[in-house]
Amino acid sequence: MEKQFLINDFKIGESWRIFKIIGEFVDGVESLHDLGPAVSIFGSARTKESSPYYKQAEEIAKLLVEKKFAVITGGGPGIMEAANKGASEAGGTSVGLNINLPFEQSSNKYLNLGIDFNYFFIRKVMFVKYASAYVIMPGGFGTLDELFESVTLIQTQRIKPLPVVLVGTKFWGGLIDWIKDRLIEEKNISPEDLNIFKVLDDPVEIVESIIQNGFVKT
């Protein structure tokens, strides 16, 4: 009898979790529905304000706002803060999709639209659904996750082929070489899959590339 009660409690708990998941999806969609053209910028939460990458993210966001894009980040510190700062100080819409974590992640002060998530996968849907392009700054596991998520969705035609820009030829060079030497050489991906993304350094060139290769007219 006790075992049956435990099973029933588990089922009830799982059912309520589904409602929580649906609720997060609804909150995200309602908050971002009228956002307009936006670019998702990803990068490390550990990047310091003194880093050249911080300044670069700030400049890219500023230039995107000047081209009438909103800027979406994970809402936390580091690169995310830099991008939100650039967007906010340029007078644009600065969006933060914050994830509740026990460390590293807390909302930065440069958001004029912030949404909190408990589930990574819902947050990732919002990054993709409302983006006209993806800018991938140097980062760690989370940044790599977002990079390969977006590339896979484009490769498998689950989303339209939007611009994906990796920022930093020196930082990403080793990964690109590995992709060529291993994934392409062993035929795990096709050579043309490399066309899904570009690797650039100059903020002006990055924004111009997004406009030229995207589907949004500014």
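Take the conditions (1) without any contact (Cβ under 8 Å) to a residue 60 or more places away in the chain; (2) under 19 Å from the mean Cα position of the chain (by Cα); residue 206 misses just one of them, which is (1).
If you go through region 73-99, how many residues are touching an Asp or Glu at 6+ places or on another chain (Cβ under 6 Å) and surrounded by fewer than 21 Cβ atoms within 10 Å (Cβ to Cβ)? Of the residues in that region, 1 qualify. Could you grab me the full set of residues in region 37-61 that are free of Cβ contacts under 8 Å to residues at least 40 places away in the same chain and either within 16 Å of the chain's Cα centre (by Cα) or surrounded by 20 or more Cβ atoms within 10 Å (Cβ to Cβ) (or both)? Across region 37-61, the qualifying residues are 54, 58, 61.
The condition of being aliphatic (A, V, I, L, M), farther than 14 Å from residue 151 by Cα, modelled with pLDDT of 95 or more and surrounded by 14 or more Cβ atoms within 10 Å (Cβ to Cβ) holds for only one of 194, 200, that being 200.
The values are calculated or read from the model by the stated rules, or taken from the named source; none is laboratory data. Treat the numbers as computed from the prediction; the structure is a model and nothing was measured. When we count neighbours, we look across all protein chains shown, and the Cβ atoms used for this are built from the backbone with ideal geometry, even at glycine.
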